[in-house]
Amino acid sequence: MEHILTAIVFTPLLGVLALFFINRENANLIKTLGMAFSLLAFVISVFLFLKFDGTNPNMQFVFKILWIESLNISYNVGVDGISLLLVMLTTFLTPLALLSSWNSINKSIRNYVMMMLLLEVGMLGVFVSLDLFLFYVFWEAMLIPMYFIIGIWGGENRIYAAIKFFIYTMFGSLLMLVAIIWLGYYASTLNGGKFTTDVIELFNIAPTIPLAIQTWMFFAFGLSFAIKVPMFPFHTWLPDAHVEAPTAGSVILAGVLLKMGTYGLLRFAIPFFPQATFEYLPYVAGLAVIGIIYGALVAMVQPDIKKLVAYSSVSHLGFVVLGLFALTEEGVQGGIIQMVNHGLSTGALFIIVGMLYDRRHTRLISEYGGISKVMPVFATMFMIVSLSSIGLPGLNGFIGEFLILIGAFKSDYLGTPAFSILAATGVILAAVYILWMFKRVMYGKITNPENEHLKDVSKREIAVLVPIIIFIVWIGVYPSTFLNKSAASTKQLIEKIEHYKSGNQAATTVGK
Amino acid sequence: MHEYIGFVVLFPFIGFLINGLLGSKIKSEKIIGSIGSGVIGISFAIAAVIFFQMLSSPVENRSHIIEIFNWINVGSISINAAYQVDQLSIIMTLVVTGVGFLIHVYAIGYMHGDKGYWRFFAYLNLFIFMMLNLVLADNFLLMFLGWEGVGLCSYLLIGFWYEKNFEKGTTNDAAMKAFVVNRVGDFGFLIAMFLIFITFGSLNFETVFGRAAAFSVGDVTIFWIALLLFVGATGKSAQIPLYVWLPDAMAGPTPVSALIHAATMVTAGVYMVARASIFFALSPSVMLIVAIIGALTAILAASIGLVQNGIKKVLAYSTISQLGYMFLALGVGAFATGLFHVVTHAFFKALLFLGAGSVIHAMHNEEDIQKMGGLKSKMPTTYKTFVIAALAISGIPPLSGFFSKDEILWKVFDAGYWPLWILAAGGAALTAFYMFRLTILTFEGSPRWDKDKHPHEAPKVMTIPLIILAVLSVVGGFIGIPAALGGSNAIEHFLDPIFERSNRILALGHHEVVPTEYILMLLSVVIAVVGILFARHIYLKRKDIAENLSKKYSGIHNLLWNKYFVDEIYDATILTPTLKASDKLLWKFFDVGIIDGAVNGTAKLINIISGYTRRMQAGFTQSYAAYFVAGIIIILAILIIR
């Protein structure tokens, strides 16, 4: 079983290799192969999920082999409760994203499928890496296929959006690279000159860094992740990237890529630099809450559906960050499940917008109206996904929001329920912007004659949305299936952090 | 039998799944309607058996918890999907499934020919499912699921005819308004829930209420919990300041108005306050707020109802007003009496709405009572049952509304809140007046409708529910005949164990019958009779009085006609500024202008700088030579100066 993670990560890469031998004109075979390999990765990951021991808080399925000897860098992979669900999310969404773009991508289809598979490799690698250097390689490698997906298969203004996406995220990650190298050297001073980027080792070493330097490190890592999330005010690349990206690109971007930011915060920024986390936590939580409300208000007035969903992501991910920085079990577990929820519901929303776009080639809300009448099945699925997004109890979004809000409400680290109370207003605003959009697109009379003969969803389109809807309901009704997997790791993380809380107080008193 | 309570909840859900997934393929209205109503009928039957078993079992053995599964288990939170069968929840269950069943049957006829027939029954079933979760939940979170769930169903059903226009917008504007205003209330509920959790470490009713009993009266945390719960209740139960969605909710099909916006969902707030009565008993100041809001809502809504012309609109305001009475009761500590009024109100208000639906049906979707009149002879069953309901809501003995309303008035007076009693009694007079204004303009006098309309009595499937509800409206009050009239107030005694803790805190004993009670009783009957006679006099004999009054006091009439301009005020102070600020200030100015401007500005700046530095490597040997010489000079200069 030690190779199961490697198998999952590199199955899509095998697909890429296989595609080299396929004639670029044979579109159907190319798409089928792409689907087959991404589905295979999903099937293996289901095994992983079933075999994963939820009661064990530590890394599982670890496989480590020395890679660059001079720097003591290894190929080192493993999953715990925090990364498992994100691996699942990635392998689940990629085939659906491919299926959703089955007919809408016509230009150099082979390259497109290859890029999607490469993207999957990058994302999976990010979630399973237990070596910072390896992590960084995947982190950066994933930028390239995304850059091309936006830049080649995107909308009119795609070049601007692609470059903006690339440079924005690159800026953050370079700072992180500096921090990683610094960490490696710092470790070597304690390790008898042995440079290391091993994450497990660093969990114990990094928190010993004095607060003044920790602050710098926290910000170097944090900024990189904050841009990715994206947290207010680093979010402006997102609407552009989403609007220009093709449907599948948006699905992956919103569904998985943004989670790399929140995952990074939880996996590295918080446990590596606990003292700095305590120090700056109210500010981070403050930005998260601003993001929740600001994202929702700006989403409300967007004339373009895709931009609306993009800004709604800023709001939803604000919830995730708030939950993580509450540093309570409820908040962190809520944050983790909310990452999955956002991937499902926002991924589905982008698929839905793509379905409308495929039919009418516009994303402007004002072009639609009364679509329910001609597309009733579509209307039902759209409604369920919308309700998931606004956090209706019984569906997935509520579980995440509830846990996050209650976790933030009771958090001693945040110190005041004000964050949670302000964030809860985002729940009201979510209902406003989603339902208002839904009303203008789906209800009323059909005023635009072009909308009169739209076809309802095809079997393929149903096959894309139904699996997502199943999980939307599953997580809403019986979240334990998933929460049980993340419980032990979360608990251990919180306990470790708590341990440094007392240490921190001692350090500051000595400092004074 | 109580262990089968899960089935009471499950059957409506099965109905929802069958009609929702297969309805479009079944096509037969008969089958869809039978499934839709049948599942509710079964639920009602099971609930009835549970109820009678409860009656025959000893008092201390009437409350049971039935666990279904563990819903959420994270950190210190553990929440079960579990149902609590006790005196309070079983009464609500009977009302929801019983009245709900009659309305489902009625809808078989009412919705005949509608192309969304299956969708309608699926939504109605889903509504019942959610409502049952709300009233049967054994913890706040599951209750919240039902709470938001009924809000969703209300949203779906108000906007059911999504192509139809309604007032200034579409039906969906009304639907959205309902959902969003409710969510504002839900915000209060949510925060209250968080406070409850951190204070008591649980969301389970029994645990929380048991621990709450140890708190002292006037505790600050309890104050906030009670107040925030009440904010939630003002949303769902349409009280000041969140009542504005309910009148617009009439955009939905009439059975929806009857079921959701009159008989059941809107009473959820009353139920919730009653369930959590201990918090209110511990915070006298919140109790006072509840009572005042209730009384004010009662009179405010009644005053608006005086002048409205939409048959459903008048009923909608009367619902808001009656809900006000229920909160007034809760606010003075008469929890059981509030619940009593929930029950009787469910009978007569459902009847009124269904009767109105029958009229609207016959008049081809005409809702303006100024264009009706003389329908008495055309639809006798509807007329007779409607009058019964109108008499009941006006408080004429021995109909059901008399007992419950009179009990509320007496409890208010007995608690010493005589200013509130005056408001409530005034509201009662207005109620009698506008109900008979409505009845007379609709059914009596000479016809004012177009000749091409041929109103006729509704089919049996619609009139039979009317008749059953009429019977209930007459006898429903007998479950609560006060001691003063020789009764035993059965419902109050039945509910006693539920409110035992709260009543102990409030130190409310069983009061002695005093002469004042008879005087007040007589007074309230006189008030109602005068209101009715006054309405008859004006609208049957002297229509000029009404016209003169509205001309003479055109300012007041205008104010009432426009519902005190509350919608307009909300629009101007909250809605429009938020939208404008978000659009102009946050998005276009701040997001695009400042943040993105800074990002793009940085890129431009780098571009400009590199535009200059680029020139250094233009490839001209002369300039390279010049840089070279300049460099040497600078180095030399530095060396010399040092």
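Worth pointing out:
- Spread of Cα-to-Cα distances over 5 Å intervals beginning at zero, given as percent, for segment B:454-591: 2, 6, 6, 8, 9, 9, 10, 12, 13, 10, 6, 5, 3, 1, 0
- Under 21 Å from the Cα of B:K604 - lysines, other chains or at least 8 residues apart: A:K164, B:K588
- Placed amide H near A:L327: partners under 5 Å, 5+ positions off or other chain: A:V332
- Once the convex hull of all Cα atoms in chain B is built, its volume per residue stands at 260 Å³.
- Per-residue ³J(HN,Hα) for segment B:214-230, Karplus 6.51 cos²θ - 1.76 cosθ + 1.60, θ = phi - 60°, Hz, x for Gly and Pro: 7, 7, 8, 4, x, 4, 5, 4, 4, 4, 5, 4, 4, 5, 5, 4, 5
- Partner chain coverage, peptide B:161-170 - average Cβ within 10 angstrom: 3
- Each of B:D406, B:D591 was scored by other Cβ atoms within 10 Å of its Cβ. Arranged with the fewest first, they read B:D591, B:D406.
- Size descriptor, Kirkwood hydrodynamic radius, that averages inverse alpha-carbon separations across segment A:279-383, Å: 15.1
- For B:S216, the shell of other residues with beta-carbons less than 15 Å away shows a net charge of +2, using +1 for Lys and Arg and -1 for Asp and Glu.
- Trypsin sites (Lys or Arg not before Pro) lying in DSSP loop within segment A:364-454, provided at most 12 other Cβ fall within 10 Å: A:K445
- Under a 5 Å amide H cut-off, with hydrogens placed 1.01 Å from N, A:V457 pairs with A:V377, A:F378 among residues at least 5 apart or on other chains.
- Segment B:213-241 and segment B:82-135 have Cα centres lying 28 Å from one another.
- Sorted largest first, extent of segment B:403-465 alpha carbons per principal axis (Å): 56, 28, 11
- Charged-residue dipole, Cβ positions (Lys, Arg, Asp, Glu), chain B about Cα centre, Debye nearest 20: 1800
- The trypsin sites (Lys or Arg not before Pro) of segment A:6-95 meeting both criteria, a DSSP state outside H, G, I, E and B (loop) and at most 12 other C-beta atoms within 10 angstrom of the site's C-beta, are A:R24.
- The value of relative contact order for segment A:394-487, using C-alpha pairs under 8 Å at least six residues apart, is 49 percent.
- Considering only alpha-carbon pairs that sit under 8 angstrom and 6 or more positions apart, the relative contact order computed for chain B is 11 percent.
- Near B:Y83, once Lys and Arg are set to +1 and Asp and Glu to -1 for all other residues with Cβ below 11 Å from its Cβ, the sum equals -4.
- Sites B:Y570 and B:F478, calculated FRET efficiency, Cβ-Cβ separation with R0 51 Å, nearest 0.05: 0.75
- Summarised in one figure, the compactness ratio Rg/Rh of segment B:567-641, Cα atoms and Kirkwood Rh, is 1.54.
- A Förster distance of 45 Å, applied to the separation of the beta-carbon atoms of A:Y478 and B:S34, puts the FRET efficiency at 0.90.
- When every Cα-Cα distance of segment A:1-223 is counted in 5 angstrom steps from zero, the calculated P(r) takes the values 1, 7, 13, 16, 16, 16, 13, 9, 5, 3, 1, 0 percent.
- Here is the size of the protein assembly as shown from its Cα atoms: Rg then Dmax, 33.0, 119 Å.
- Per the Cα gyration tensor, segment B:253-313 maps to an equivalent ellipsoid with semi-axes of 28, 18, 4 Å, ordered largest to smallest.
- Ordering B:F348, A:S188, B:P284 by the projection of their Cα atoms onto the charge dipole of the protein assembly as shown, which places +1 on the Cβ of Lys and Arg and -1 on the Cβ of Asp and Glu, puts B:F348 at the extreme positive end.
- Segment B:283-325: translational diffusion in µm²/s, Stokes-Einstein, Kirkwood Rh over Cα pairs, 4 °C, 1.567 mPa s: 122
- For chain A, the alpha-carbon radius of gyration amounts to 0.94 times the rule-of-thumb value 2.2 N^0.38 Å expected for a compact globular protein.
- The relative contact order of segment A:273-502, computed from alpha carbon pairs under 8 Å that lie at least 6 residues apart in sequence, is 28 percent.
- Sequence-distant residues sharing a close amide H with A:D131 (under 5 Å, placed H): A:N76, A:V199
- If you take all other residues with their beta carbon under 15 Å from the beta carbon of A:V229, and give Lys and Arg +1 and Asp and Glu -1, the sum is +3.
- Taken one residue at a time, the phi angles of segment A:488-496 give Karplus couplings (6.51, -1.76, 1.60, θ = phi - 60°) of 5, 5, 4, 4, 4, 4, 4, 4, 4 Hz. Gly and Pro are set to x.
- Size estimate for segment B:73-206 follows the Kirkwood approach: the inverse of mean 1/r over distinct Cα pairs works out to 16.6 Å.
- 10 Å Cβ neighbours from other chains, averaged over peptide B:584-593: 4
- For the residue pairs A:K373/B:K164; B:K312/B:K453; A:K306/B:K25, alpha carbon separations beyond 24 Å are given by A:K306/B:K25.
- Loop GluC sites (Glu not before Pro), segment A:50-156, which have at most 11 other Cβ atoms in a 10 Å radius of their Cβ (DSSP): A:E156
- Whole-angstrom gap from segment B:520-586 to segment A:32-57, using each part's C-alpha centre: 64
- Peptide B:198-205 - average C-beta neighbours from other chains (10 Å radius): 1
- Calculated FRET efficiency, A:K107 to A:K455, Cβ-Cβ distance, R0 = 22 Å: about 0.40 to the nearest 0.05.
- When chain A is described by a simple charge dipole with +1 on each Lys and Arg Cβ and -1 on each Asp and Glu Cβ, the residue from A:G261, A:T6, A:Y160 located farthest towards its positive end is A:Y160.
- Karplus-based coupling profile of segment B:382-395, in residue order and whole Hz: 4, 4, 4, 5, 5, 5, 4, 5, 5, 5, 5, 5, 6, x, with θ = phi - 60° in 6.51 cos²θ - 1.76 cosθ + 1.60 and x standing for Gly or Pro.
- Spatial extent of segment A:335-488: Rg and Dmax, with the Cα atoms as the point set, Å: 17.6, 57
- Calculated diffusion of segment A:241-294, Stokes-Einstein form, Kirkwood radius summed over Cα pairs, 37 °C and 0.692 mPa s, µm²/s: 253
Rule-based calculations on the coordinates, nothing more; no lab input. Just so you know, these numbers come straight off a predicted model, no measurement behind them. Backbone-built Cβ (ideal geometry, glycine too); neighbour counts: all protein chains shown.
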